[in-house]
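Report on the following structure.
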Amino acid sequence: MGSQQWTGLSAAEAKQRLTRDGWNELPSVRRRRLWRLALDVMREPVLILLLAAGTISFVLAEPLDGGLLMLTVLVVIGISIAQERRTETALVALRDLSSPRALVLRDGARVRIPGREVVRGDVIFLDEGDRVPADAVVAEAVNLVVDESTLTGESVPVPKAAAAPDAIEAALGAPGGDGTPWVFSGTLVVRGHGVVVARRTGPRTHLGGIGTALGEIRAERTSLQREVDRLVRVVAIAGLAVACAIVVIYGLTRGNWLEGLLAGIATTMAVLPEEFPVVLTVFLALGAWRMSRMRVLARTPAVIEALGSATVICVDKTGTLTMNAMTVREVIVEGQAYRIGGEPLPAQPAGLAWLAAMASAAGGTDPMDRALTDLARTHAPDRSAARWSLVREYPLSPSMLAVSHAWRSPDGDGCLVAAKGAPEAIADLCRMSQPERLAMEAQVQAATAQGQRVIAVASARPGPDDPLPDDLGAFAFACAGLACLQDPVRPGVAQAIEECRQAGVRVIMITGDYPGTAIAIAEEIGMDHGRNCLSGADLVRMSDAELADRIREVSVFARMVPEQKLRLIRALRANGEVVAMTGDGVNDAPALRAADIGIAMGGRGTDVAREAAGLVITDDDFTSIVSGIRQGRGILDKLRKAMAYIVAVHVVIFGMSLVPVLGPSWPLVLLPLQIALLELIIDPACSIVFEAEQPDPQVMQMPPRGLGQPILGRRVLMICLLQGSLVLAAVLTVYWWAVGTGRPADEVRSLAFGSLVIGNLALILVNRSWRLSAWRTLRERGNGALPWLVTGVISALGVALLVPVVRDALGLGQVSAWDLLVMLIAGVVGVLWFEAYKAISSRRNPGASRA
């Protein structure tokens with residue numbers, strides 16, 4: 001039964017069935033309800049401290065302070081819920097993108113759709129490496145073997161047979177067993193191909209009955225998350241110890257233990273960096289979502305961290321560096337080359353074209369098969385495979401780099417075996433003599449030196465009654481000649497290679513083509529290869545130690561099979577490299593898992609490769625891989641700036657909570673209410689403003705971040721501690737000036753609080769870029785969230801200081817225009833040194849001043 005007899009469902013009928021039956025997916029974990037989100041947020045330490053402070057305020061007969069604190073709790077809960085919803089939405093979108101796909105027949109045409117859109121009655125085409133998207137009956141099977149271990153627990157794959165035409169609508173049996181005509185959702189095609197008709201989808205499938213949920217994005221703790229957990233733990237323990245000491249000191253020196261408890265709570269709130277875990281979660285989730293909009297799907301948070309550390313990209317040539325849109329440029333028959341153009345080919349080369357098409361998959365998606373079929377359709381139109389019957393297929397294997405199809409003639413009296421594949425494999429099949437092999441090698445080298453891909457074509461004609469052997473070597477093949485194909489380089493690849501070079505990332509090309517083709521492409525795209533090239537045969541002869549040594553200087557690997565990628569990864573990692581590896585086939589899965597960053601091709605890649613990889617490139621383009629590295633580095637760079645700001649601002653708040661307690665008559669500046677208001681600035685700043693920043697244009701001119709290197713290294717930590725300390729010094733100067741001049745306590749609090757808020761804004765502005773001045777960053781880098789934050793903070797500060805009712809409620813005093821100027825100067829002075837530091841650094845490294 002030929003696949004051309006199927007028409008499939010119409011788009012309208014498929015839509016009706018989808019509406020009636022629902023999505024073809026298993027019930028996943030539901031999004032948390034609003035009340036559940038609020039309950040989870042209420043468990044945060046800072047909110048617990050705010051609630052405790054509000055309760056104490058009510059006990060002290062200060063209902064206004066208590067009410068404002070409770071209102072602040074509601075506002076913080078609202079902000080946190082919005083952040084959680086945003087993160088969950090991004091994760092759901094990523095989960096949908098990472099789900100398997102299906103090739104179905106709709107309106108008589110093959111269409112690739114998300115697996116969740118498959119409906120009952122869909123005609124589905126399965127190929128090696130595909131996940132079966134629904135429970136289905138097998139209509140056609142060619143060497144179809146399926147791994148059903150997810151359902152049966154049996155590790156041995158089982159062969160499938162086609163059902164009889166009158167059994168297509170029969171009830172499905174159970175998984176397991178050889179030769180059954182059913183396939184089941186979630187199982188894996190490990191060999192061959194076939195056509196199936198969907199019978200059950202979604203929760204009605206066998207997998208749905210078990211209740212197994214697949215396709216969830218993994219949520220394991222990454223090294224960066226563990227680093228943040230340790231940091232928060234250490235700081236929290238230290239903060240609690242200091243807070244206990246504050247309560248005791250305040251109670252002993254001032255005699256008011258309840259107010260001392262409020263001061264202790266304020267100190268704990270000031271020192272606790274609860275924003276770190278929130279910022280990390282938001283940045284990784286939203287960063288992955290932003291990358292997916294640029295055709296780069298990060299399937300795990302860990303891969304974003306690894307992207308910033310990649311030192312080597314091992315990339316397939318065909319379809320990634322090149323367009324994967326092949327055309328036949330010439331054919332070679334008996335040493336004579338025939339250029340493909342507008343003129344018809346003579347009989348012999350036209351016969352080669354026909355044989356090559358007979359060895360190709362009819363209507364397939366492989367670019368080489370399409371090119372050879374188009375060649376035969378143009379130059380051998382009088383010959384057609386439609387009148388021949390396909391008897392058997394001999395697929396490509398690591399031991400035989402050739403594909404063969406056995407056909408029976410229209411009258412049934414003849415048999416033809418057409419083969420195409422690597423020239424050396426065809427030479428073996430044809431049992432060529434040494435002179436014949438040397439002549440073929442010379443022709444191949446001449447073609448590959450021009451960047452062409454070369455395949456050989458052969459045929460055998462067994463008797464009509466001869467049994468077809470399992471071993472291709474049993475046929476008496478005769479070589480028909482060579483076909484030379486051209487695959488143009490993708491636009492932008494040369495620029496992306498240069499960008500990788502500047503970023504300290506080395507590019508290694510891996511291809512199944514001949515060395516001449518590989519070197520020609522490497523020269524065209526500007527790779528550093530030094531005309532050094534190793535072949536798969538060279539790797540076989542090398543020890544692991546020899547390979548690790550040679551791979552330091554060799555960047556082009558030709559005549560490679562997928563299994564050898566794993567050796568390359570191990571050799572590179574033995575040299576201390578952080579390796580990104582591309583792959584698209586079933587045999588690539590071990591290498592993708594072994595690499596630090598497995599990169600699957602979303603367009604032509606198998607579901608197995610996608611599931612093994614951490615990164616999926618949806619357009620199969622090398623420039624998108626480089627874009628992913630750029631985005632990954634940008635996410636980590638923005639995360640570092642946000643965390644540096646958090647450390648700096650907490651130094652200021654902690655200092656202003658601690659220092660006034662040490663003086664017996666010094667007025668307190670920051671009580672829980674004031675700190676809660678500051679948190680309303682800090683939370684949006686670190687999780688919205690910094691996340692919305694554009695990546696630094698020079699992020700790809702910096703060396704890769706060491707794998708496992710702390711995001712807040714010693715230099716960065718010292719700078720942000722110095723930032724916070726100098727802003728704290730400026731605020732304390734205003735505070736002591738106000739105390740020394742005899743100002744009332746509420747006015748002292750206004751001056752210090754206002755200076756702190758402005759200093760907080762200044763820290764946000766200077767930390768947006770560690771290379772450019774704050775003014776230049778404002779002019780050259782847009783940030784949609786920043787104007788809203790700055791306007792909101794200045795307006796809120798104005799209301800707090802100038803509106804009497806609000807001012808009295810916050811325990812602040814009246815200020816003059818001169819006082820406002822003092823606050824502004826103090827807030828800005830504390831960060832001027834960092835602007836000078838950036839200017840000096842730019843002069844020492846002029847390239848760093850380019851935005």
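The values are calculated or read from the model by the stated rules, or taken from the named source; none is laboratory data. Quick caveat: nothing in here was measured; it's all calculated off a predicted structure. Backbone-built Cβ (ideal geometry, glycine too); neighbour counts: all protein chains shown. Quick note on the areas: whole protein, heavy atoms, side chains included, nothing else; ligands and nucleic acids left out. Shrake-Rupley method; radii C 1.70, N 1.55, O 1.52, S 1.80 Å.
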Problem set entry | Gln450/Gln348 FRET efficiency (R0 22 Å; Cβ-Cβ; nearest 0.05) | 0.45
Problem set entry | Anchor Lys641: lysines whose Cα lies under 26 Å away (excluding residues fewer than 8 positions away in-chain) | Lys838
For this session: Return one whole number: the accessible area per residue of region 734-851 in Å², for a 1.4 Å probe.
Result: 47
Exercise. Largest first, what is the accessible-area ranking of Thr19, Thr201 with a 1.4 Å probe?
Worked result: Thr19, Thr201
Exercise. Under a 5 Å amide H to amide H cut-off, with H placed in plane at 1.01 Å, what residues pair with Ala102 once short-range neighbours are removed?
Worked result: Ile113, Gly115
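Express in nm, to one decimal, how much length is gained between Leu821 and Arg408 on full extension, taking 0.36 nm for each residue of separation and deducting their alpha carbon distance. The partial results should precede the final answer.
Values: separation 413, 0.36 × 413 = 148.68 nm, distance 9.46 nm.
That works out to 139.2 nm of additional length.
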Seminar exercise, completed: Calc'd 3J(HN,Hα), region 542-554, phi into Karplus 6.51 cos²θ - 1.76 cosθ + 1.60 (θ = phi - 60°), Hz, glycine/Pro = x, comes to 8, 7, 4, 5, 5, 5, 4, 6, 5, 6, 5, 10, 9
Problem set entry | In Hz, Karplus ³J(HN,Hα) per residue of region 753-767 (6.51, -1.76, 1.60; θ = phi - 60°; x = Gly, Pro) | 5, x, 4, 5, 5, 5, x, 4, 4, 4, 4, 4, 5, 6, 8
Exercise. Pulled fully out, how much extra length does the chain show between Arg541 and Ala785, if you take 0.36 nm times their separation in residues and subtract their Cα-Cα distance?
Worked result: 81.9 nm
Seminar exercise, completed: Total charge of the residues flanking Leu482 in space, meaning their Cβ is under 15 Å from its Cβ, with Lys and Arg +1 and Asp and Glu -1, is -1
Exercise. Considering amide H positions built from the backbone, and no H for Pro or chain starts, which residues 5 or more places from Thr327, or on another chain, come under 5 Å of its amide H?
Worked result: Gln486
For this session: About the Cα centre of region 616-671, how large is the charge dipole given +1 on each Lys and Arg Cβ and -1 on each Asp and Glu Cβ? Please answer in debye to the nearest 20.
Result: 300
Exercise. Tell me, what is the 1.4 Å probe accessible area of Trp407, in Å² to the nearest 10?
Worked result: 20
Seminar exercise, completed: Simple SL model, points at 7 angstrom along Cα→Cβ for Asp470 and Glu13; separation in nm is 4.1
Problem set entry | All lysines inside 21 Å of Lys420 as judged from Cα atoms, apart from same-chain residues fewer than 8 positions distant | Lys317
For this session: State, to one decimal in nm, how far the label point of Asp382 lies from the label point of Asp229, with both points 7 Å from Cα in the Cβ direction.
Result: 7.5
For this session: Set the Förster distance to 41 Å, then compute FRET efficiency between Arg461 and Arg112 from the Cβ-Cβ distance, nearest 0.05.
Result: 0.65
Exercise. What residues qualify as long-range amide H neighbours of Val391, i.e. H under 5 Å apart, gap of 5 or more or another chain, H built at 1.01 Å from N?
Worked result: Ala406, Trp407, Arg408
Seminar exercise, completed: In order over region 497-514: 3J(HN,Hα) from phi, Karplus 6.51/-1.76/1.60, θ = phi - 60°, whole Hz, x for each Gly or Pro, gives 4, 5, 5, 5, 4, 5, 7, x, 10, 8, 10, 10, 9, 10, 8, x, 6, 6
For this session: Mind giving me the FRET efficiency for Leu390 and Asp178? R0 is 22 Å, r the Cβ-Cβ distance, nearest 0.05 is fine.
Result: 0.45
